[in-house]
1. Taking amide H positions as placed in the peptide plane 1.01 Å from N, state which residues far from R40 in sequence (5 or more) or on other chains have amide H under 5 Å from it.
2. For the range 87-92, what does the Karplus curve 6.51 cos²θ - 1.76 cosθ + 1.60, with θ = phi - 60°, yield as ³J(HN,Hα) per residue in whole Hz, taken in order and with x for Gly and Pro?
3. So who's got an amide H within less than 5 Å of the one on V74, skipping anything under 5 residues away but keeping other chains? H placed 1.01 Å off N, in plane.
4. Of the chymotrypsin sites (Phe, Trp or Tyr not before Pro) in the range 1-74, which ones lie in a loop per DSSP and count no more than 15 other C-beta atoms within 10 Å?
5. Ranked by Cβ crowding within 10 angstrom, fewest neighbours first, how are L18, L3, L100 ordered?
6. Just to be sure I understand the model, the point goes 7 Å from the Cα along the line to the Cβ. What's the resulting Y97 to E82 distance in nm?
7. For the range 18-32, just list the computed ³J(HN,Hα) in residue order, Karplus coefficients 6.51, -1.76 and 1.60, θ = phi - 60°, integers in Hz, with x standing in for Gly and Pro.
Amino acid sequence: MILPDFKAFPRTGRIIGLDWGARRTGVAVSDASREFIFTRPAIVTSRGDVMWARRVADIARDENAVGIVIGRPVHSDGTVSEIMDDIMRNATELCTYVDLPICFIDENLTSFAAQESMGRVRVSDIKRRLDSEAARVILENAIAIINRIRD
């Protein structure tokens, strides 16, 4: 189920963060205490691939996740990116495979922050790791919001 905000999001348990992309979706997972976040290999898809939702559902099941957070790309003026239609379509399809709460969080410059945190690495490593590092940033931000709601 897609939630409008984090108020009804589970307060404990592992959650998955996703940085959706038409070709590569970055994946990060928290531990149950949400103190640590681990990147996972990105989900690589080709154009027209209809298996994205099933792949995310498999990850959620394998990781024993209690919820999913997906980055919502926004422009610098705060307007939502046109790609959000594709993200929403995929999230809606994901609801047919999992019975987990799904929340969106605005993401702005997460790829930049992820690349900064990676430090000096080879270009091939950036291409391989950047999307999941961005998912880690998305998940860190979501956990901070959830913790503020709880307090």
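Nothing in this text is a laboratory measurement; each read-out follows from the coordinates by a stated rule. For clarity, every value in this text was computed on a predicted model and none was experimentally measured. Methodologically, a virtual Cβ is constructed for each residue, glycine included, from the backbone with ideal geometry; neighbour enumeration extends over all protein chains shown.
1. Amide H neighbours of R40: V27, A28, V29.
2. Per-residue couplings from phi come out as 4, 5, 4, 5, 5, 5 Hz.
3. Hits under the 5 Å cutoff: S81, E107.
4. Working: sites: F6, W20, F36, F38, W52; in loops: F6, W20, F36.
Here the chymotrypsin sites (Phe, Trp or Tyr not before Pro) that fit, given the DSSP loop and packing criteria, are F36.
5. Numbers: L18 30, L3 13, L100 20.
Ascending Cβ contact count within 10 Å gives the list L3, L100, L18.
6. Label at Y97, label at E82, 2.7 nm between them.
7. 10, 10, 5, x, 4, 10, 9, 10, x, 10, 9, 9, 8, 7, 5
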